[in-house]
Protein chains: 2
Amino acid sequence: MSSENHKTGLQLRSLLKKSGELEVSLANVPTPEPKDDEIVVRIEATPINPSDLGLLFGPADMAAAKFSGTQESPVVTAQMPAAALKGMAARLDESMPVGNEGAGVVVQAGASEAAQALMGKTVSMIGGAMYAQYRVVRAKDVMALPEGTTAADGASWFVNPLTSLGMTETMRREGHKALVHTAAASNLGQMLNKICLKDGIGLVNIVRSQEQAAILHKIGAKHVVDSSAASFTDDLTNALVETGATIAFDAIGGGKLAGQILTGMEIAINKTAKEYSRYGSNVHKQVYIYGSLDTRAVELNRAFGMAWGVGGWLLFPFLQKIGRADAEKLRQRVVAELKTTFASHYTKVVSLQEALQPSNIAIYNKRSTGEKFLINPNKGA
Amino acid sequence: MSSENHKTGLQLRSLLKKSGELEVSLANVPTPEPKDDEIVVRIEATPINPSDLGLLFGPADMAAAKFSGTQESPVVTAQMPAAALKGMAARLDESMPVGNEGAGVVVQAGASEAAQALMGKTVSMIGGAMYAQYRVVRAKDVMALPEGTTAADGASWFVNPLTSLGMTETMRREGHKALVHTAAASNLGQMLNKICLKDGIGLVNIVRSQEQAAILHKIGAKHVVDSSAASFTDDLTNALVETGATIAFDAIGGGKLAGQILTGMEIAINKTAKEYSRYGSNVHKQVYIYGSLDTRAVELNRAFGMAWGVGGWLLFPFLQKIGRADAEKLRQRVVAELKTTFASHYTKVVSLQEALQPSNIAIYNKRSTGEKFLINPNKGA
């Protein structure tokens, strides 16, 4: 590869027009000249996470999407529901790059020692605009991957690993000893099981089918309860008694599940209660909602006393809250266990163009458990 | 009064039988001999708070209550709904004394110096079993009232004053600068207005009628919004913009109000936002539910980003959390401002027997804004 190859590159863009039309396409953009402390990374692996889909397509009607442009430069258009447009005023008519995390090879480096030291290395990074062939980034914001680790190994180094570590870390910091996770057969959920098995943490996995339960049993999960089973309430309560879990991380969001979990926790706690309190137990029970697989309203029956909380949870505010030093410890653990605890599995590797093909969008935009796509923006380039 | 008068006294009891029958009556109980560090208080004033009604009648069907016994020793029986019985297993067939807080005169004291020093003094106290003619309590657990303060002045020294101070204190400790209060025309709500006016804190009062709004305007409340008005959403948003309130204390509990408040806060915050975030603002918005005037489920539409929390809030866990020294500072403030900021107004003073009369129960068990009863267990005794 000549050193001139990376002077321009393709970048995936999502543009929401005032009319409500969403247009996703590839733009050919010049790569900025790196400053002294910056590097240019040729991106070779960047995953499609649920958190990327929000910016990429959001709640647009993809079933009725139109596909135009050329094979080399495809264009996808779809209509955003009017109700959803309201909350998106700030992104209207702004062509936005997409892609939270990725990994690749450093092909150019600024003059600083830190930048120069990374030349030719494979690095992982976060910060958006990863669905692109090249990305300029500060040397101190990337993490060099250990020898023998490929860009594909390191592409999902941030979102899922740190989210699942963030959950057990939040559990500890807020004084709980075990946790509950919903939509638990997801990539993230499987990773959380590996962490909990390794660290000896009790984990109650809530899934929505026997197939999902089987996935988790296969990787050694100890407590798996199926919300579609008639015995769900009893199964959940038993698992809560066995683990003592009083905090949950919920990817579903809408409906009655968060309230059911809190109710189960309260029943489990009261099985050992000695004294009547009309306010319920004084053990704090917490559900953090971090996803929105069900977009309906959250419905809380409040049959769980007064010591409870439900709230939103996001990775970045969590990392900010714990501070740089503690966040760095979590990152170091991820890199050390990238091929074991934090290994990601992809069902398909696609180019930027392939990522905009109808047949692929139909699969990865389902957000279904077990399907995970990786983009290699330099595939075939 | 002879020193023997207080050797026995009447005590109000609430007994929930396994059958679901609730029986409220007066028992004649011996007054225990005080230990060295204890005193005997002749209770002269004890309020009926919403938090007392939970133990007294709970959700029993008082409209169909039966009244028997004699004028001197009335008995009230009512049926507890089967659904409510489930959560009350620990109180079944236990005759429970009632009454959180009260005040009265010390009529006997143990040998210790601290106990002896209180002899003849008017003191205020908490700890349950206040709906009684006499109460034995440790000297260090009461607070002597200043000269010129009657038992009636000091009876409501704890629950409402410390709950309202607990709200502004929680607001400060959790990094908010202004707050929202619902069912805001209540005794507690009026007290909160006095605190906020005195301390220069922005307060958004949410009421359910124009009559309630008028009560608050009369005492100088600056921001009053009526949830029954067609312009409620706009009025609320405007008040949130003007005050910058990002925390709310909600006595209603059920329905959509908590979600509406969070949505209003998010809209208010975004009026000054500069950058698009698909997760919404990163300003944390909190609603604490401390009452249950509406017993339906809480319904959260989640149109307010990811930086939010909803949870239960109770006075005692709050006081425990801040620790004895800080709690003591709040108590000192209450006693110092007992006749101004923390003055309570009662619509009626009743004896223990009168408290069990149908016409009185019908009024104080409505839990309606503006009605507050005080029991004087030694009235006419």
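Structural remarks
- Screening segment B:124-135 for residues that are among the aliphatic types (A, V, I, L, M) and not in a loop (DSSP other than H, G, I, E, B) and picking the one that is surrounded by the fewest Cβ atoms within 10 Å (Cβ to Cβ) gives B:ILE126.
- For segment A:52-80, a residue qualifies if it is touching a residue at least 24 places away in the same chain (Cβ under 8 Å), at negative phi and not hydrophobic (A, V, I, L, M, F, W, C), and the qualifying residues are A:ASP52, A:PRO59, A:GLN71, A:GLU72, A:SER73, A:PRO74, A:THR77, A:GLN79.
- Elements of type strands (runs of 3 or more DSSP E) contained in segment B:42-123, each with 1 or more residues being of a type in the set (Ser, Thr, Tyr) and away from chain A (no Cβ under 14 Å): B:66-69, B:74-79
- The strands (runs of 3 or more DSSP E) located wholly in segment A:136-213 that include 2 or more residues which are without any contact (Cβ under 8 Å) to a residue 60 or more places away in the chain, touching a strand residue (DSSP E or B) at 6+ places or on another chain (Cβ under 7 Å) and crowded, with 21+ Cβ neighbours inside 10 Å occupy A:202-207.
- Of the numbered criteria (1) at pLDDT below 90; (2) within 14 Å of chain B (Cβ to nearest Cβ), the one A:SER368 fails is (2).
- Restricting segment B:58-75 to residues that are in contact with a Pro (Cβ under 9 Å, 6 or more places away or on another chain) and farther than 30 Å from B:PHE316 by Cα, the residue that is surrounded by the most Cβ atoms within 10 Å (Cβ to Cβ): B:ALA65
- Among the candidates A:ALA109, A:ALA90, residue that is of a type outside the set (Val, Ile, Thr), under 26 Å from A:GLY127 (Cβ atoms) and surrounded by 14 or more Cβ atoms within 10 Å (Cβ to Cβ): A:ALA109
- Index of the failed condition, B:ALA251 passing every other in (1) closer than 30 Å to A:SER51 by Cβ; (2) within 14 Å of chain A (Cβ to nearest Cβ); (3) not aromatic (Phe, Trp, Tyr): (1)
- Residue list for segment A:335-360, filter: of a type in the set (A, V, I, L, M), modelled with pLDDT of 95 or more and assigned to a helix (DSSP H, G or I): A:LEU352, A:ALA355
The values are calculated or read from the model by the stated rules, or taken from the named source; none is laboratory data. As the structure is a prediction and not an experimental result, all values here were calculated from the model. Every residue, glycine among them, receives a Cβ derived from its backbone with ideal geometry; neighbour counts consider all protein chains shown.
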